[in-house]
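Here's the structure we're looking at; comments come further down.
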Amino acid sequence: MIPARYGASRFPGKLMQDLAGKPVIVRTYEAAKATNLFDEVYVVTDSEIIFQEIEANGGKAIMSQKEHDCGSDRIAEAVENMDVDIVVNVQGDEPFTSREGLEKVLAVFNEPDADKIDLASLMTEIHDWKEISDPNCVKVIVDKDNFALYFSRSPIPYPRDKNVEMQYYKHKGIYAFRKQAIMDFYRLPMRSLEAVEKIECIRYLEYGKNIKMAVSNTTGVEIDTPEDLIRANKLLKEKKPNAVNNKFRNFPMVPKVVFGEGCFDQLTSILSAQKQEKAPFIFLVDDVFERNKEFLDRINLRFNDKLIFVSTEEEPKTSQVDDLVKKIKAEFTNTPSGIIGIGGGTVMDLAKAVSIMLINKGSAADYQGWDLVKQKAVYHVGIPTISGTGAEVSRTTVLTGPVRKLGINSDFTPFDQVILDPELTKGVPKNQWFYTGMDCFIHCVESLNGTFLNAFSQSYGEKAYDLCKEIFLDDSLSEEESRAKLMMASWHGGMSIAYSQVGVAHAMSYGLGYVLGTKHGVGNCIVFQYLEEFYSKDVALFKKMVKKHGVEIPQEICKNLTEEQLNSMITVALGMVPLWENALGSNWEEVITYEKLRELYLKM
Ligand code: NAD
Ligand code: ZN
């Protein structure tokens, strides 16, 4: 529910102000809707103008029948006769409402103490004394379980002893209520604490309700003043080039790389320069090497260094990253000197994510997205043992989280050092060699045929594409040459998409991965064979490669899907907007519809 009053006292008419082409309230409505967290989203308003604007934009709005003092009352009236469990209030003037915050406020209702909770709300860490002492900024203090003790415009607690470390929190006006709580609020009269502070949610405390607070540190822009609006407009403009056509990316590259058969043995000397006193190196190694004594003997563990075997049975998960970080922190007081990932794309991604999460607070899931990582990661080294993903060179680490499959895309993600030793890829089974190799081929196809293409990504993409053709279609290469070339193809393919984007096969493969757990490489292959209408020449080449190597591509994997599974597969794929934009341009929605994807999936 988005309560929307036309005449806000501080900035009248603000909800109807223009924000990059649409009124603020419409932006807020669309942002709430886009989170996909709610069964229904409504604007509840006293204003004909707002009501009509929302309806005109295809949204749902409710007119308040009565005069109300506050947003909660407006919502209470609207839900009184609705059959709902939990109502979430989203502020009308928060057009940058993020999924992350709303998710957190809803997540508390799944925790063990959920039955004690009447409502939940959000708080953000604040540090600046100017903000802490600003009466416009409502502070909150909590008990050990994060239940709110009090809200105030005064700085609470008062810092009498300046030596005690104290985290201050600002209250964010997003609530999730049990229906009963909001109906009670509506009926109960205001008391003096609420009246004197002018803070609505104090009423709940005054009547003994339990408010659970969740921490969310993503900052948005509230539109409280005309200056805020100018800032918000700027923010949207700055965001656009990134989201729409990826113009002028300023991305980091791997600063150090060593290449060649046998160069793996240089690892020890490379690491010695990075060794910090008492701080171990942590080796994350694909468990396929667990019984390969000869290989393990080449890893020189010194002092308190630790080797952890990692299973690659499933796609890497945020929870797996969190567990690894917890384990490392429990065992070592010092932050490790470095994380060394040895394995395929799965281990590369885990190593990158663990190195980030050893420094950055919270769960890996908090950082899925673009540029959410604030602090530099621990020194990390990538050593691929299978070629194709480009994960050794990329700026992302793809993780399956509680609600989505998305990378931690940041300047701190890429490795500080990569060791490219083609010999390490010797033992890769044939099918796997093909699937992961095709990931590279498909990166090139999608980058070279995409609308984001530029000379930078083209030069890398063309090289990698030619290498793939040589490796998978020519007979002239020795095994050794072929291994070395595939390793370089993977690298170049990764560089190519760094400045463009992947396309149709990846978008649809993510859908398979999310619903069926299909692994990335094989998922791409399953999809790619049905994409003639998008990449006709390359699909023909692909089929030739499949035939030449006698590789099996799993068939009929969508045959027994339930409607619900199919629906969520299509939804996940449709959500990969930048991929579709790259593949088909800004009018992609004319080609890619729900029905179209359904038809394609049903072929698989
Ligand atoms: P993988 O890491 O899952 O490994 C595939 C299989 O090969 C595993 O069973 C592994 O044990 C085995 N293997 C690896 N090296 C071997 C060796 N030398 N000998 C024998 N067996 C070996 O597969 P992948 O295709 O390399 O990586 C896929 C993952 O990479 C996916 O999770 C995908 O999301 C991710 N990915 C990330 C990026 C990125 O930019 N970060 C890009 C593409 C893909
Ligand atoms: Zn890929």
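The values are calculated or read from the model by the stated rules, or taken from the named source; none is laboratory data. What you see is a predicted model; the values in this text were computed from it and never measured. Neighbour counts run over all protein chains shown; Cβ positions are idealised from the backbone, glycine included. Heads up: the accessible areas ignore ligands, DNA and RNA and are worked out on the full protein's heavy atoms, side chains in. Shrake-Rupley method; radii C 1.70, N 1.55, O 1.52, S 1.80 Å.
Structure above, values below:
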item	result
Filtered residues of segment 258-315 (kept if outside any loop (DSSP other than H, G, I, E, B), within 12 Å of ILE419 (Cβ to Cβ) and touching a strand residue (DSSP E or B) at 6+ places or on another chain (Cβ under 8 Å))	VAL258, PHE259, CYS263, PHE264, GLN266, LEU267, ILE270, LEU271
Residues satisfying the stated conditions in segment 304-316, i.e. more than 10 Å from ligand 1 (Cβ to nearest atom) and open to solvent by 30 Å² or more (accessible area, probe 1.4 Å)	ASN304, LYS306, LEU307, PHE309
Residues of segment 66-99 satisfying the condition of being assigned to a helix (DSSP H, G or I), modelled with pLDDT under 90 and over 16 Å from TYR29 (Cα atoms)	SER72, ASP73, ARG74
In segment 363-377, residue farthest from ligand 1 (Cβ to nearest atom) [restricted to those that are part of a loop (DSSP other than H, G, I, E, B) and crowded, with 23+ Cβ neighbours inside 10 Å]	ALA377
Sole exception among (1) among the hydroxyl-bearing types (Ser, Thr, Tyr); (2) within 14 Å of ligand 2 (Cβ to nearest atom); (3) closer than 22 Å to LEU424 by Cβ for THR396, by number	(3)
Leading residue by the ranking (most open to solvent (accessible area, probe 1.4 Å)) among those in segment 501-521 that are touching a Ser or Thr at 6+ places or on another chain (Cβ under 9 Å) and within 10 Å of ligand 1 (Cβ to nearest atom)	LYS519
Residue list for segment 553-604, filter: without any contact (Cβ under 8 Å) to a residue 40 or more places away in the chain and among the aromatic types (Phe, Trp, Tyr)	TRP588, TYR594
Selection count where residues are open to solvent by 50 Å² or more (accessible area, probe 1.4 Å) and not charged (D, E, K, R), scope segment 282-303	5
Single condition ASN454 does not satisfy, out of (1) crowded, with 24+ Cβ neighbours inside 10 Å; (2) more than 16 Å from ligand 1 (Cβ to nearest atom)	(1)
Exclusive hit being among the aliphatic types (A, V, I, L, M) and part of a loop (DSSP other than H, G, I, E, B), set VAL403, VAL354	VAL403
Test: residue in segment 168-176 that is at pLDDT 90 or above, among the β-branched types (Val, Ile, Thr) and outside any helix (DSSP H, G or I)	no
Segment 361-392, subset hydroxyl-bearing (Ser, Thr, Tyr) and within 16 Å of ligand 2 (Cβ to nearest atom), residue farthest from LEU296 (Cα to Cα)	THR389
Lone qualifier among LEU597, LEU579, LEU574, LEU541 - being under 28 Å from SER496 (Cα atoms), surrounded by 11 or more Cβ atoms within 10 Å (Cβ to Cβ), modelled with pLDDT under 90 and of a type in the set (A, V, I, L, M)	LEU574
Selection from segment 475-500 of residues that are outside any helix (DSSP H, G or I) and either within 12 Å of ligand 2 (Cβ to nearest atom) or in contact with a Ser or Thr (Cβ under 7 Å, 6 or more places away or on another chain) (or both)	TYR499, SER500
